[in-house]
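Report on the structure given below.
Each value in this text was obtained by applying a stated rule to the coordinates, not by laboratory testing. None of the values given here were measured: they were computed from a predicted structure. Here the Cβ positions follow ideal geometry from the backbone for every residue, glycine too, while neighbour counts run over all protein chains shown.
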Amino acid sequence: MTADFLLELRSEEIPARMQAGARADLEKLFVKELAAAGLKAGAITVWSTPRRLALIARDLPLATQAVSEEVKGPRASAPPQALEGFLRKTGLTREQLTERDGVLFAITEKPGRATRDVLAEAIPAIVRAFPWPKSQRWGAASFSPESLRWVRPLSGIIAILGDEAIDLEVGGIRSGTVTRGHRFHHSGDVVITGAADYAARLRDAFVIVDHAEREATVREGARAAAQAAGLVLVDDEGLVVENAGLTEWPQPLLGRFDEAFLAVPPEVIQLTARVNQKYFICRDAAGNLANAFVCTANIAASDGGAAIVAGNRKVLAARLSDARFFWEQDQKVPLAEQAKKLARITFHEKLGTVADKVARVADLAEWLAREGVVPGADPALARQAAELCKADLVTDMVGEFPELQGLMGGYYARAEGLPDAVADAIRDHYKPVGQGDDVPTAPVSVCVALADKLDTLRSFFAIDEKPTGSKDPFALRRAALGIIHLITENGLRFAVAEGDLLTFFADRLKVQQREAGVRHDLIDAVFALGGESDLVRLLARVSALQAFVGTEDGVNLLAGYKRAANILKKEAASTAGAQGEGVVPPTGEEDPLALVDDPLFKDVAAEFAHSEPTLSYTPEPAEAALMTALAQAAPQVEQAVAQEAFTTAMASLASLRAPIDAFFDDVTVNDADAEKRANRLALLDQFRAAVHKVADFSRIEG
Amino acid sequence: MADTATKPLSLQDMILRLHAYWSEKGCLVLQPYDMRVGAGTFHPATTLRSLGPEPWNAAYVQPSRRPTDGRYGENPNRLQHYYQYQVIMKPSPADMQDLYLDSLRAIGVDPLQHDIRFVEDDWESPTLGAWGLGWEVWCDGMEVTQFTYFQQMGGFDCKPVAGELTYGLERLAMYIQGVDNVYDLAYNNHGVTYGQVFLENERQMSKWNFEIANTDALFDLFRKATEECQNCLDAKLPIPAYEQAIEASHVFNLLQARGVISVQERASYMGKVRDLARGSCEAYMDKYKDEWAERFPGWTA
């Protein structure tokens, strides 16, 4: 026997942004409570409106399974102490035990529980444990600080299993079968008989309880309203969900505003409409912003919404006239004048004012252009743009809409008649803000965007304000990521950082590249060679390496490398152990030629360094082959790396694969003959050194 | 825009209707507090009375001053002096939303013609050590009321919770009268406009707030209010102490309007005002907590 269960938790208006999370939490908690009692529903549906959370669990068994628990005890013939112990443990008497094949068993029959009783306990537990992001107390009960908390005052509970109401109580609220309909379109009680008629009864009371249906109404209704006016709605799924979360009976309505407001930048209009008023905006056939908005009312007004539209139009007009006032006022003051006010704003107590920051950014932006780090950038324009890039922070418009920082500066710069390159650079200097944001490519824009973020990172690292764990109050991770995007997408060649900051970049790079499918261990392997601060070169090398380790040659070479490295490691350990006391460790300066810096001496030194050791024995064929291969490949690898021909470097490494495999197959490294052993170890060391010219393969996984 | 057949309510009739409505619902109808404050919440009838277990229901108009919002009478929506209608009910009644909606009906807003919405807006006043959850109430997209369930005041948990309503009277009146400029509002039904009463006041006060006020004198006033607050606290007189905290808060706002407090100093001044306000709430609590605990078994501060 199964039945459908209906739960409604009715409250005062739940914030729209919390409803999706609340639905997920309700389902999760419900499933968990049921599972704890051994129950499982066939299917669960969760709905929300501003005033209610509802859950329907289909095909719920009416009772939990009866369970028989059996505990094995001593043999019937066991000594009395054993029996006593068992009786004590189980809390039973000898007569209650069951004997089977000479062994005693304690058998407890746990009868099934009525699901009704399980729910009567589970629902209050769910309500008390509900993880609202913010919750409150209310009413007379809040005399006690332990009174029930809910997102807003909880006003009613419906719990019906099949056609039977489940009696329960939480925080002084008793469950029943009665709810309320729409706040204004319906008065009095709405009586529910069960899951089957819940949605329909509410619909009769002007409540669409299914949020997805309301979302569809908003989405399609707004589009249709725009279309009827010969316009195209600017789709905005965030607004769809928010408006559906604010209404139980959504009615999209189109209104017009004074065309004169279109003189204000479209982003300002869109932001005002969206953020302050939750309105959709529309475009005309040519794609320009139209003087229209779509609001979503919660009532079907008797006048068709004329009064509502008129009211909303007035509110929007007041906001747009504020915006137009700011737009006009701000333009009366040149950005260079505004920028002076930045000296009054503290950037960070240890890093001076925003004006100080701007001065640093301007120096850096100019340097990036002058040194050719950003090819084709005019140093004077880069400096000019940087000096003005933060000036819009003190404008009225950005004071009102902080989200428009940068963008407004760009508009004001253009209105002042500054060069487009400067206006664009001001507009785009915060970019890229996140994953998927546009990355500036215009040279002057790149200079300023890069300089702003680099200065932020260098400054905060200099005063030891580094991100830790989840704390990154100055958004330094985002700044580093922005720099990585700017560098890689524009192919900028320069040393981005050193020391701690370079390590920080390496970590960010790994995170960022993971999404592009680049292996973090390969990035580590290249960084491990030390101090690679040219991210473009680094990524080229990593990319060639990733292609290589994916090939059969690469896999085998890596295996050969690991084997060689292990042998060398063991050898190093045993040598170190054998050294003992009184042995002076080598300083690296034993070679008298090592410190000679005379250019004429270089060739001589090189000759000594590369001179082939003369062997007193005939090397085995595989040994000789490896010697030859190394003599050829090592300089090739070195040269290719120097030329940044990383694919060629990998190909040269690949030429070592067959010789190293054959060497390990045919040659005994640990030969009894000391000279053979020494030569073979030296060969492995050379092999390792050749590989290390590309990357530290010991960091590569697999 | 009025939904009654007759002429829309004048500003003063709207206030009278609200008084009659909330009086009928059991609220004390109080008069404005006779000090300069930034919002109706600062009235001791809200701040201090929301502390402790005693039931308390009150309604009043509070003239509110925000010096930096002054626009010399040239902006149709912004004023440095305006009226708030404040209702405080402790404990918050179960039907407080319905009571509120009926009050809108009482002043001529028909919720079947106009779109009334409760939009999330939590309230926090670091100055008062207070916060609450609630909404801004929208009427056709315009915020007309702030609705808050106080959770903490002066750093103390509200036991029980008070519900607070703050109506923006000029906005609501502009809406009801269908007027685009606040100065065009009908103040009464005999031809007197809001502008006739307040326009010159806005011009002169804006000038004084922004340009004329003697900043040395203001700094001195701030210091004196701070000292006097402490003097009252030492004498265990929380109510006069709280008055001095309000005074310091308003003088700080004036200094802000004069632009003589730097960004760096701002936080420190706000911290001082907060300490005074909280200190007064603590002293108030301290003075009555034993009596309350005795009269309301189970209640603790």
| query | Across peptide B:158-168, how many C-beta atoms of other chains are within 10 Å of each residue C-beta, on average? | reply | 3
| Ordered by residue, what ³J(HN,Hα) values in Hz, to whole numbers, does region A:199-213 give under the Karplus form 6.51 cos²θ - 1.76 cosθ + 1.60, where θ = phi - 60° and Gly and Pro are x? | 4, 5, 4, 5, 4, 4, 9, 6, 10, 8, 7, 7, 4, 5, 5
| task | Please get the size of the charge dipole for chain A, origin at its Cα centre, with Cβ charges of +1 on Lys and Arg and -1 on Asp and Glu, quoted in debye to the nearest 20. | result | 2840
| So how tilted is helix A:657-666 from the main axis of chain A? Cα-based, degrees 0 to 90, rounded to 10. | 70
| task | Report, in degrees rounded to the nearest 10, the 0 to 90 angle that the Cα long axis of helix A:621-642 makes with the longest principal axis of chain A. | result | 70
| message | Restricting to Cα pairs below 8 Å that are 6+ residues apart, what does the relative contact order work out to for chain A? Please round to a whole percent. | response | 7
| request: Would you pull out the residues with amide H under 5 Å of B:His81's amide H, same chain only if 5 or more places away, H placed 1.01 Å from N? | output: B:Arg66
| query | Which order results if B:Tyr72, B:Tyr284 are arranged by neighbouring Cβ count within 10 Å, fewest first? | reply | B:Tyr72, B:Tyr284
| In chain A, with Lys and Arg counted as +1 and Asp and Glu as -1 at Cβ, which of these residues, A:Ala63, A:Pro252, A:Ala413, has the Cα nearest the positive end of the dipole, that is, farthest along it? | A:Ala63
| remark: In whole Hz, the Karplus estimates of ³J(HN,Hα) for region A:346-353 (6.51, -1.76, 1.60; θ = phi - 60°; x where Gly or Pro) are 6, 7, 7, 4, 9, 10, x, 8
| task | Hey, can you grab everything whose amide H is under 5 Å from the amide H of B:Val192? Only 5+ residues off in sequence or another chain; H modelled, so Pro and N-termini drop out. | result | B:Tyr187
| remark: If unit charges are put on Cβ atoms (+1 for Lys and Arg, -1 for Asp and Glu) and the dipole of region A:211-328 is taken about its Cα centre, the option from A:Ala307, A:Val294, A:Val240 lying farthest towards the positive end turns out to be A:Ala307
| said: For a quick check: with amide H placed at 1.01 Å from N, whose amide H comes under 5 Å from A:Trp150's, ignoring anything fewer than 5 positions away on the same chain? | reply: A:Gln136
| remark: To the nearest 10 degrees, the tilt of helix A:115-129 (Cα long axis) against the first principal axis of the alpha carbons of chain A is 60
| said: Taking 8 Å as the Cα distance limit and 6 or more residues as the minimum spacing, I'd like the relative contact order of chain B as a percentage. | reply: 20
| Relative contact order of region A:335-533, defined on C-alpha pairs under 8 angstrom at six or more residues apart (%) | 17
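What does the charge count near B:Gly155 come to, summing +1 for each Lys or Arg and -1 for each Asp or Glu among other residues with Cβ under 15 Å from its Cβ? Can you show the working numbers first?
Values: positive: B:Lys159, B:Arg274, B:Arg278, B:Lys289; negative: B:Glu124, B:Asp157, B:Asp275, B:Glu282, B:Asp286.
Around B:Gly155, the surrounding residues sum to -1.
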| Residue exposure sequence - A:Lys453, A:Lys340 - by fewest surrounding Cβ within 10 Å | A:Lys340, A:Lys453
| query | Membrane-span-like helices in chain B: DSSP H runs reaching 27 Å or more (Cα, own axis), mean Kyte hydropathy at least -0.5? | reply | B:215-234, B:238-257
| task | Give, rounded to the nearest 20 debye, the magnitude of the charge dipole that chain B has about its Cα centre when Lys and Arg contribute +1 at Cβ and Asp and Glu contribute -1 at Cβ. | result | 460
| request: Take every DSSP beta bridge with both residues inside region B:1-159 and express the antiparallel ones as a percent of the total, to the nearest 5. | output: 95
| query | Per-residue mean of other chain beta-carbon atoms within 10 angstrom of the beta-carbon, peptide A:336-348? | reply | 1
| Around A:Lys570, what is the net charge, scoring Lys/Arg as +1 and Asp/Glu as -1 over all other residues with Cβ under 14 Å from its Cβ? | +4
| remark: Going from the fewest other Cβ atoms within 10 Å to the most, one would list B:Ser92, B:Ser50 as B:Ser92, B:Ser50
| field | Volume of the Cα convex hull of the protein assembly as shown, divided per residue and given in Å³ | value | 320
| query | Of the peptides B:175-183, A:229-237, B:242-250, how do they stack up when ordered by the mean number of other Cβ atoms within 10 Å, highest first? | reply | B:242-250, B:175-183, A:229-237
| request: Beta carbons within 10 angstrom, averaged per residue: use that to sort the peptides A:1-13, A:481-493, A:549-561, highest first. | output: A:1-13, A:481-493, A:549-561
| field | Pairs beyond 29 Å (Cα-Cα), from A:Lys570/A:Lys693; A:Lys471/B:Lys289; A:Lys278/A:Lys431; A:Lys350/B:Lys272; A:Lys134/B:Lys224 | value | A:Lys471/B:Lys289; A:Lys134/B:Lys224
| field | chain B: most fluctuating residue of B:Phe150, B:Phe118, B:Phe42 per GNM, C-alpha cutoff 10 Å | value | B:Phe118
| said: Taking beta carbons within 10 Å but only from partner chains, what does the mean come to for residues A:169-176? | reply: 0
| request: Please work out the C-alpha center-to-center distance from region A:83-120 to region A:173-250 and express it in whole Å. | output: 53
| said: Please give me the summed charge of the neighbours of A:Ser445: other residues whose Cβ is under 9 Å from its Cβ, Lys and Arg +1, Asp and Glu -1. | reply: 0
